[in-house]
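**Student:** Okay, handing you the structure first.
Nothing in this text is a laboratory measurement; each read-out follows from the coordinates by a stated rule. As the structure is a prediction and not an experimental result, all values here were calculated from the model. Positions of Cβ are backbone-derived with ideal geometry, glycine not excepted, and every protein chain shown enters the neighbour counts.
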Amino acid sequence: MHTILVTGGLGFIGSETVIALINNGYEPVIVDNLSNSKEAVLDRIETITGKRVPFIKLDVCDEEPLRKVFAQYKIDAVIHFAGLKAVGESVEKPLLYYQNNLMSSLTLLKVMKEFDVRNIVFSSSATVYGVPERVPLTESDPVTHATNPYGETKVMIEHILMDTQAAWKELNVALLRYFNPIGAHPSGLLGEDPNGIPNNLMPYISQVAIGKRDHLRIWGDTYPTPDGTGIRDYIHVVDLAEGHVATLKKLDKNPGLVIYNLGTGKGTSVLEMVHAFEEATGVKVPYKIYPPRAGDVAENYANCDKASEELGWKAKYNVVDACRDAFNFQKKNPDGIK
Ligand code: WQD
C-alpha cells in the first residue's frame, strides 16, 4: 500500500494526516474543494515535510474530475475526510448536509469500484452514538440516531460502507469514530482554523486567549458531572493522524470491516479544559456561564481498548499538550491561515 488519496486533505485533520502519511513513507494525493480549507495549507505541508504533495481542486461529488484522479494515480487506499461538519449549520440546512455528505461518499465508492481500489478509511464521529446510555463508549454500543443531521450523515455513510463491503468482499473498510479533535501541529503552521465564530471549545478559548474574543461562554454548569460542565474526550490531532496510519497497516491485512473509537479514554470537563489551557499557556481565560446549548449531552468519552489491542495505537498527548499547541498556532495565525 503506497499511494493514498486523501479527500478533504487540506482540512484540520486531513492536513495533519497527510503529514503523518509522509512521515511513514506513504505518497499522499490530496483532493479538496476548498469550501472549508485554504490552498496555503499545501505550502505549509511542504515547509513541514519538504514534500510538495499533489493537490487537485475538486468536489468529490463531481464524478468526472474524480475519475481523472483515479486514472492518473495508482491509488491503493482512500482516506475520506471531505464533508460538511458544522453541527449547528446542519440543523439549519439538513438538505445541504445530506446532499453533500452522502453524494460525495456514494460517488467516491462508485469510482473506487470502477478502478478496483479496495481500501477506504472513513472519518466518522462519536456523534453516531447519539445520547450515550453509558460512558465510556465502546464500538459495540448502539448506533441508532445522532442528535443532528450532520451526525445522521455519518450514521448513514457508515451503513453505506458496511453494505458495500458485505457485497464487495474484497473491499476493506475502516470506520474511525473520532471524539473531540483539538490541538495543532507543534510548529504552529497548521491547526484548527474555523471560518467565523468558532462553534468548538478549543478554538474559541484560543481566540479569547489572544484577545480576539472577550470571554468564553460556558454552555451550562448544571449537568450531572463533578463540576456541572460538559465532559468530552479531547484528542490531540497529531495522535488522531497517527491513528489513521495505524489503520492503513491494519487494512493491509484484509480485515474486511473494522470499527475503532479514536480518543484518549479520558473525560475532561469544560472547566478542566479552561484550567488546562491556563496551565499550558500562563494566560487567564475569562468566562461566563450561559444556559446549556441545545443538543449538547452531559458526558461523552471513549473506551479505546480496541484500537490499542488491534492497531497497537494509543494517544500519546494530553489536554495540556493540546492546549499548548493550539495556543501556539493561534498566536502565529491570529486571523487564520492566509
Ligand atoms: C465541547 C464542550 C460544550 C464551545 C462537536 C461535534 C462532533 C465533533 C466535535 C465533528 C461541550 C462546551 C463549547 C463554547 C462551551 N465535530 N462549549 N463553549 O459539541 O462535543 O462535538 O465537535 O466531527 O461531532 O458534535 O464539541 O467543542 O462544540 O463542545 O461551553 O464556546 O464544550 O457545551 O460541553 P462537541 P464542542
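**Student:** Suppose only helical runs count, i.e. DSSP H with n ≥ 4. What mean residue ellipticity at 222 nm does that imply for the chain under -39500 (n - 2.57) per run, divided by all residues and rounded to the nearest 500 deg cm²/dmol?
**Tutor:** -11500 deg cm²/dmol
**Student:** Note the direction-averaged projected area, equal to a quarter of the hull surface, for the Cα convex hull of the stretch 35-156, in nm².
**Tutor:** For the Cα atoms of the stretch 35-156, the hull's average projected area reads 9.4 nm².
**Student:** Now a separate question. Would you mind computing, in nm to one decimal, how far apart the modelled labels at Asp43 and Glu92 are, each placed 7 Å from Cα along Cα→Cβ?
**Tutor:** 3.1 nm
**Student:** Please go through the stretch 1-59 and write out the GluC sites (Glu not before Pro) that DSSP classes as loop and that have at most 16 other C-beta atoms within 10 Å.
**Tutor:** Details: sites: Glu16, Glu39, Glu46; in loops: Glu39.
Qualifying residues, ordered by number: Glu39.
**Student:** Give me the percent of DSSP beta bridges within the stretch 90-235 that run antiparallel, rounded to the nearest 5. Don't jump to the answer; show the numbers that get you there.
**Tutor:** On the way: 1 of 10 bridges.
Around 10 percent of the beta bridges assigned by DSSP in the stretch 90-235 are antiparallel ones.
**Student:** Another one. I'd like the GluC sites (Glu not before Pro) in the stretch 131-184 restricted to DSSP loop residues with at most 14 other Cβ atoms within 10 Å, sorted by number.
**Tutor:** Details: sites: Glu133, Glu139, Glu152, Glu158, Glu170; in loops: Glu133, Glu139, Glu170.
In loop regions of the stretch 131-184 (DSSP not H, G, I, E or B), the sparsely surrounded GluC sites (Glu not before Pro) are Glu133, Glu170.
**Student:** Now, a different point. Taking the Cα of Asp214, stepping 7 Å toward and past its beta carbon, and measuring to each backbone N in the stretch 259-291: which are under 19 Å?
**Tutor:** Once the point is set 7 Å along Cα→Cβ of Asp214, 284-291 turn out to lie under 19 Å by backbone N, inside the stretch 259-291.
**Student:** Here's another thing I want to ask about it. What is the spin-label model distance, in nm, from Asp227 to Leu34 if the labels are put 7 Å beyond Cα along the C-beta direction?
**Tutor:** It is 4.2 nm.
**Student:** Here's another thing I want to ask about it. Per residue of the stretch 216-232, what does 6.51 cos²θ - 1.76 cosθ + 1.60 with θ = phi - 60° give for ³J(HN,Hα)? Whole Hz please, x for Gly and Pro, Karplus curve as stated.
**Tutor:** 7, 9, 8, 7, x, 9, 10, 6, x, 10, x, 10, x, 9, x, 10, 9
**Student:** Under a 5 Å amide H to amide H cut-off, with H placed in plane at 1.01 Å, what residues pair with Ile79 once short-range neighbours are removed?
**Tutor:** For Ile79, the qualifying residues are Leu5, Val6, Thr7, Val121.
**Student:** Amide H of Asn33 versus every other amide H placed in the peptide plane: which residues, excluding those fewer than 5 positions away on the same chain, fall under 5 Å?
**Tutor:** When sequence neighbours closer than 5 places are left aside, the close amide H contacts are Gly8, Leu58.
**Student:** Then there is this: Mind giving me the nanometre distance, one decimal, between the label points for Gln99 and Glu310, set 7 Å out from Cα along Cα→Cβ?
**Tutor:** 3.6 nm
**Student:** I need the phi-derived Karplus couplings for the stretch 161-174: 6.51 cos²θ - 1.76 cosθ + 1.60, θ = phi - 60°, integer Hz, Gly and Pro marked x.
**Tutor:** 5, 5, 5, 5, 5, 5, 8, 10, 4, 6, 6, 9, 10, 10
**Student:** Evaluate the charge dipole of the stretch 1-102 about its Cα centre and quote only its size in Debye, nearest 20, assuming +1 on the Cβ of each Lys and Arg and -1 on the Cβ of each Asp and Glu.
**Tutor:** 160 debye
**Student:** Now, a different point. Which one, Gly220, Pro255, Ala280, is farthest towards the positive end of the dipole of the stretch 218-292 when Lys and Arg carry +1 and Asp and Glu -1 on their Cβ?
**Tutor:** Projecting each Cα onto the dipole axis, the largest value belongs to Pro255.
**Student:** Using amide H atoms built 1.01 Å from N in the peptide plane, name the residues 5+ places from Asn172, or on other chains, whose amide H lies under 5 Å from its own.
**Tutor:** Asn119, Ile120
**Student:** How far is helix 237-251 tilted, in degrees, relative to the longest principal axis of the Cα atoms in the chain, given as a value from 0 to 90 rounded to the nearest 10?
**Tutor:** Here the helix axis deviates by roughly 30 degrees.
**Student:** Taking the convex hull of the alpha carbon atoms in the chain, what volume per residue do you get, in Å³?
**Tutor:** Here the figure is 120 Å³ per residue.
**Student:** What order, most packed first, do the peptides 30-38, 4-12, 91-99 have when packing is the mean number of other Cβ atoms within 10 Å of each residue?
**Tutor:** Ranking the peptides 30-38, 4-12, 91-99 by packing returns 4-12, 30-38, 91-99.
**Student:** Per residue of the stretch 6-21, in order, report the coupling 6.51 cos²θ - 1.76 cosθ + 1.60 (Karplus, θ = phi - 60°) as ³J(HN,Hα) in whole Hz, putting x for Gly and Pro.
**Tutor:** Working through the residues one at a time gives 10, 7, x, x, 9, x, 4, 7, x, 5, 5, 6, 4, 5, 5, 4 Hz.
**Student:** Residue separation times 0.36 nm, minus the C-alpha to C-alpha distance between Asp252 and Arg293: what's the value?
**Tutor:** Length gained, Asp252 through Arg293: 10.6 nm.
**Student:** Determine the dipole magnitude for the stretch 114-167: charges of +1 sit on the beta-carbon of Lys and Arg, -1 on that of Asp and Glu, nothing else is charged, the reference point is the Cα centre, and the result goes in debye to the nearest 20.
**Tutor:** Charge dipole of the stretch 114-167: 140 debye, to the nearest 20.
**Student:** Something else: In terms of Cα to Cα distance under 17 Å, which aspartates and glutamates are near enough to Lys288, apart from those fewer than 8 places away along the same chain?
**Tutor:** Those aspartates and glutamates meeting the cut-off are Asp214, Asp221, Asp227, Glu272, Glu278.
**Student:** I would also like to ask the following. Say R0 is 51 Å: what FRET efficiency, to the nearest 0.05, do Asn195 and Lys110 get from their beta-carbon distance?
**Tutor:** E between Asn195 and Lys110, to the nearest 0.05, is 0.95.
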